[in-house]
Amino acid sequence: MSKNNSVEIAYQNAKDLIDKKDYIQASEQLNEILKVFPNELNSIYLLIDCYIKLNNPIKALEFTHSALNIKNDDKKLLQLEIRLNEYLERDSESIHLLKIFIDKFSDLGALKHLSNLLVKQDKSDEADELIKNFFENNEDYGLLYKGVRHLHASRYRKAEDAFKKVLIEDENNIDALRFMGILAFKSGNHDIAEAMLTKALKLDPTYSLVWANLAQVFSVTGQLDKAKKSFKNILNMEPQNGLIWAEYGTVLTKLANYEEGRDAYLKALEFKPDSPRVHLSLGHVYKTMGEIDNSIDSYKNTILQNNLSGEAYWSLANLKTYSFSENEIKDMEDTLKGDMSDIERSQMHFALGKAYEVKKDFDKSFKNYYEGNKVKKGLIKYSSDDTTDNTKRILNFFNKENIQKLAKSSTGDRDPIFVLGMPRSGSTLVDQIISSHSKVDGTQELPNIIKIAAELNTNNQKNYPEVLKELDESKLSNLGKDYISETAWARDSAPFFIDKMPNNFIHIGLIKTILPNAKIIDTRRDPMDTCFSCFKQFFARGQLFTYSLEDLGNYYTDYIRAMNHWHNVYGKDIYTVHYDNVINETEETIRELIDYCELPFEKECLEFYNSSRPVKTPSAEQVRQPIYKSGLNYWKNYEKHLLPLKKIIDEIN
């Protein structure tokens, strides 16, 4: 019998054994064939399949390499080599092989596969660049590339035209749908972005980049539960993706799921330890949870990995209880002499202002607070005149006559207690006192009332607040119901909850119109202490009036004008609590405050500093301490520097 006949018989025996699922005997038979005919490809193919079935990927990969030495352009073998490396978690090798495969075959499916692996390794930018280069260098995808090129150059109209032409030819082109989604997102058309990206995912639910794009849309539009699910989907596919764990942690934190957020950030650091931004975010979560030692460690880890992080230094200062060492002060002073971003420079000056304040070097302290404010002021657009004009317009509308003419909301909910006023006026302390009551949930500075006002202001015919005249009882009632439902995520199960957005004071008219039974508490503190406390605070967002002494004085004037008006038109519906009274007549003031809220007194309200609830404001650590008087008239340490502010305040008084 010839060798060839023997091989054919042996080969057929091996196939029969495979049909019987006897892969061990089959592999032995095939290895015998290859001893005689080492280049017999059909036997190699069967042997690879046997080793895969026997869950021996190392051997399968070994014979895949043997086959490729014989036939190096075999597309199926190359795909198998990639899959085996991926199964063995050799991601870097898989990425290398995919790049070669794409260069050889211009395969769009492989490109998506490669982009998913790069996202898994926190290399989203490289993934996007490879996609861009692929379309640029492949004539078959020329129109799609043109769109991508226009998109990157912010030529949105031309990009849209190109992507639409691709979709006319192929309505299920996933990449065109994805890029249309990105384009809509960049243009602010979030509904269209969501629709496009959702359609792409229905076509390919495993496309990680699309999930990441959609999660970004959900995050920006406040659909945090959906963003959470999107990131969870990515993590189910890529459980070791540090970047996605970090993004997931941010969404959880925004949802006030602080423990889960902390755990997500810790996961992110497990897979990518060199992540200063994640250390910083973790520090913020620890601060909110009251775990100050862990918070300090996280902020210091940020600085170790990025000594230019003004935000980390400011975050330490913003604990209000941290004292910088001489070495830390010197490090900040030296860092400020070099190049750094303006925002980090501003924050570092604020941190130094606090460092010298603790040392009672008030001149150096003010110098740094002033420089920090000056830098920040140069980065923002704010007009005191515009604020004053807007304040007067709103107050002029909400006169007693117009209030009587407005339709009456039937939303009778008594759940919300609004704590409002100037920032740094004691609102966090009042919030902590009331939310220590068993029947009250503390939340945070909720943006919902401001959002309602902004949405009413987009009316094409009339602006807010004038548009309220056009709304009937049903529409006003629905606004109140929307507020209650849209803030439900921030609450637990208590019958009442606090919304402590200070800037809501300008919208008291709106609040009383849509939620007529809501409680409103105006927090007051000495005007100079209030304004100077704002001046030495770097706010994470908003409060743009705080970065100039003159702007602060003018804003405080508008605040007093507004509150005088509201007290005049709504009378005892608004309760004023003075910070000095909380400090000097603690029990009496707290009892009156709880009585206004129509709640039975509980001793826990006097022991508010024992509360374990998360606090997400600059005063977080201060309200975890008993009442102290050191903050009264504190501004006088800086009096000679505050003359522009004092002049405006004196004119009010």
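The values are calculated or read from the model by the stated rules, or taken from the named source; none is laboratory data. Just so we're clear, the structure is a prediction, and the values are computed from it rather than from any experiment. With ideal geometry, Cβ positions are generated from the backbone for all residues, glycine too; neighbour counts draw on all protein chains shown. Each accessible area value is taken on the protein alone, full model and side chains, heavy atoms only, with ligands, DNA and RNA left out. Shrake-Rupley method; radii C 1.70, N 1.55, O 1.52, S 1.80 Å.
Quick check: the distance between the Cα centres of the range 320-396 and the range 21-93, to the nearest angstrom?
The distance from the Cα centre of the range 320-396 to that of the range 21-93 comes to 65 Å.
With charges set only on the Cβ (+1 for Lys and Arg, -1 for Asp and Glu), what does the dipole of the chain come to about its Cα centre, in debye to the nearest 20?
1040
Among PRO38, ASN13, TYR356, pick out the residue whose Cα is farthest towards the positive end of the charge dipole of the chain, where Lys and Arg carry +1 and Asp and Glu carry -1 on C-beta, about the Cα centre.
The Cα lying farthest towards the positive end belongs to TYR356.
May I ask you to give the percent of accessible area on the range 389-490 that is carbon plus sulfur, with a probe radius of 1.4 Å?
Solvent-exposed carbon and sulfur of the range 389-490 make up 44 percent of the total.
Run down the lysines and flag those whose C-alpha is under 24 Å from the C-alpha of LYS475, throwing out any fewer than 8 positions away in its chain.
LYS400, LYS405, LYS408, LYS451, LYS462, LYS512, LYS519
Rounded to the nearest 500, what is the chain's calculated 222 nm mean residue ellipticity when only DSSP H runs of at least 4 contribute -39500 (n - 2.57) each, over all residues?
So the helix-based figure for the chain works out to -20000 deg cm²/dmol.
Name the residue farthest towards the positive end of the dipole of the range 523-597 from the options CYS531, TYR556, THR546, assuming +1 on Cβ of Lys and Arg, -1 on Cβ of Asp and Glu, about the Cα centre.
Most positive-ward Cα: THR546.
Within the set of other residues whose C-beta is less than 9 Å from the C-beta of VAL210, count the net charge using Lys and Arg as +1 and Asp and Glu as -1.
Every neighbour counted, the sum reads 0.
At a 1.4 Å probe, what is the % contribution of carbon and sulfur to the accessible area of the range 59-186?
That share works out to 44 percent.
In units of 2.2 N^0.38 Å, what is the alpha-carbon radius of gyration of the range 421-547?
In units of the globular-protein estimate, the range 421-547 measures up at 1.15.
Can you give the Rg to Rh ratio for the range 315-424, taking only C-alpha atoms and Rh from Kirkwood?
Ratio of gyration radius to Kirkwood radius for the range 315-424: 1.22.
Using the Karplus curve 6.51 cos²θ - 1.76 cosθ + 1.60 with θ = phi - 60°, work out ³J(HN,Hα) for each residue of the range 94-101 in order, rounded to whole Hz, and write x for Gly and Pro.
Result, rounded to whole Hz: 4, 4, 4, 5, 5, 4, 5, 4.
Excluding residues fewer than 8 places away in the same chain, name every one of the lysines whose C-alpha is closer than 25 Å to that of LYS53.
LYS15, LYS20, LYS21, LYS35, LYS71, LYS75, LYS76
Using θ = phi - 60° and the Karplus curve 6.51 cos²θ - 1.76 cosθ + 1.60, what whole-Hz ³J(HN,Hα) does each residue of the range 9-26 get, with Gly and Pro shown as x?
Ordered by residue, 3J(HN,Hα) equals 5, 4, 4, 5, 4, 4, 5, 5, 5, 5, 4, 8, 6, 9, 6, 5, 4, 4 Hz.
Can you grab the distance from the C-alpha centre of the range 546-583 to the C-alpha centre of the range 202-277, Å, no decimals?
40
What does the highest-first list of 525-534, 541-550 look like by mean Cβ count within 10 Å?
525-534, 541-550
Would you mind telling me the share, in percent, of accessible area of the range 275-318 contributed by carbon and sulfur at probe 1.4 angstrom?
The nonpolar share, carbon plus sulfur, comes to 47 percent.
Looking at the chain from every direction and averaging, what is the projected area of its Cα convex hull in nm²?
37.6
Could you do me a favour and compute the accessible area per residue for the range 357-483, 1.4 Å probe, result in Å²?
Accessible surface, normalised per residue, equals 49 Å².
What is the sum of charges, Lys and Arg at +1 and Asp and Glu at -1, for the other residues whose Cβ falls under 15 Å from the Cβ of ASP122?
For residues surrounding ASP122, the net value is -4.
If you scale each eigenvalue of the Cα gyration tensor by 5 and take the root, what three semi-axes come out for the range 162-300, rounded to whole angstrom and sorted largest first?
In descending order the semi-axes read 34, 14, 11 Å.
Given the options LEU395, VAL440, LEU114, identify the residue whose Cα lies farthest towards the positive end of the charge dipole of the chain (+1 on Cβ of Lys, Arg; -1 on Cβ of Asp, Glu).
Farthest along the dipole direction, towards plus: LEU395.
Summing Lys, Arg as +1 and Asp, Glu as -1, what charge do residues with Cβ under 12 Å from the Cβ of SER425 carry, SER425 excluded?
-1
If packing is taken as the average count of other Cβ atoms within 10 Å, what order do 296-303, 64-71 fall into, highest mean first?
Put in order of decreasing packing, that is 296-303, 64-71.
Roughly how compact is the range 515-567, stated as its Cα Rg over 2.2 N^0.38 Å to two decimals?
Output field value: 1.29.
Accessible area per residue for the range 253-306 in Å², computed with a 1.4 Å probe and the full protein assembly in place, what is it?
46
Per residue of the range 169-178, in order, report the coupling 6.51 cos²θ - 1.76 cosθ + 1.60 (Karplus, θ = phi - 60°) as ³J(HN,Hα) in whole Hz, putting x for Gly and Pro.
Working through the residues one at a time gives 6, 8, 5, 9, 6, 4, 5, 5, 4, 4 Hz.
I'd like to know how the range 219-303 sits against the 2.2 N^0.38 Å rule of thumb: what's its Cα Rg over that expected value?
Scaled against compact globular proteins, the figure is 1.04.
Convex hull over the Cα atoms of the range 372-445, averaged projected area in nm²?
The number I arrive at for the range 372-445 is 8.3 nm².
When the convex hull of the Cα atoms of the range 463-615 is projected onto a plane and the area is averaged over all directions, what value comes out in nm²?
Projected over every direction and averaged, the Cα hull of the range 463-615 covers 11.2 nm².
If I model a spin label at GLU169 and ASP573 as a point 7 Å from the Cα along the Cα→Cβ vector, what separation in nanometres do I get?
Result for the modelled spin labels: 6.3 nm.
For a protection proxy built on the mean count of beta-carbon atoms within 10 angstrom, sort 374-387, 348-361 highest first, please.
348-361, 374-387
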